[in-house]
Amino acid sequence: MKKDDPKSMETKCPIYKSWRELPLVPISRGMKGSIGETGDWRTYRPGIDEKECNRCGICYVYCPDGVIQFKEGSAPEIDYKYCKGCGICKVKCPKKAIEMIRERE
Ligand code: SF4
Ligand code: SF4
């Protein structure tokens, strides 16, 4: 540090002994988006062809929003309130069972 350099600001950082002491910050809720219903700004929605789907669960694993759910014996279900239409599930589906369908204006 040179003589004329400005002094760093003093900042007090809290010290936590465990992550359990961290203050609650409402950045996310389990399985759902934290900023409300995000499906309404989607331009394409994924549609699953239940006949082609082999229930492998790959789409469930890759969905960044955790909006794909499985019920025993049936094809995955997408929660369209929170699906943003990113299309990752379509890209990752090994059976090409997902199509992106244009939302209506
Ligand atoms: S990745 Fe495709 S084949 Fe696998 S469960 Fe999802 S939709 Fe079905
Ligand atoms: S389009 Fe994106 S957010 Fe919607 S179900 Fe597929 S991977 Fe998840």
> Which pairs do you get when a residue that is within 17 Å of Asp79 (Cα to Cα) and of a type in the set (D, E, K, R), found in segment 89-105, comes within reach of a residue that is within 13 Å of ligand 1 (Cβ to nearest atom) and part of a strand (DSSP E or B), reach meaning Cβ atoms under 9 angstrom, with the pair 6+ apart or on two chains?
Replying inline: Lys90/Pro46; Lys90/Ile98; Lys90/Glu99; Lys90/Met100; Glu99/Pro46; Glu99/Gly47; Glu99/Ile48
>> I need the full set of residues from segment 60-105 which are farther than 20 Å from Glu37 by Cβ, part of a loop (DSSP other than H, G, I, E, B) and among the acidic types (Asp, Glu), in order please.
In response: Glu72
> Only one of (1) farther than 19 Å from Glu37 by Cβ; (2) surrounded by 14 or more Cβ atoms within 10 Å (Cβ to Cβ) fails for Gly57. Which number is that?
Replying inline: (2)
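How many residues are more than 8 Å from ligand 2 (Cβ to nearest atom) and surrounded by 13 or more Cβ atoms within 10 Å (Cβ to Cβ) if we restrict to segment 93-105?
The number of residues fulfilling the criteria is 5.
Values quoted throughout were computed directly from the atomic coordinates according to the rules given, and no laboratory measurement underlies them. Computed from a predicted structure; not experimentally measured. Cβ sites come from the backbone with ideal geometry, for glycine too, and all protein chains shown count toward neighbours.
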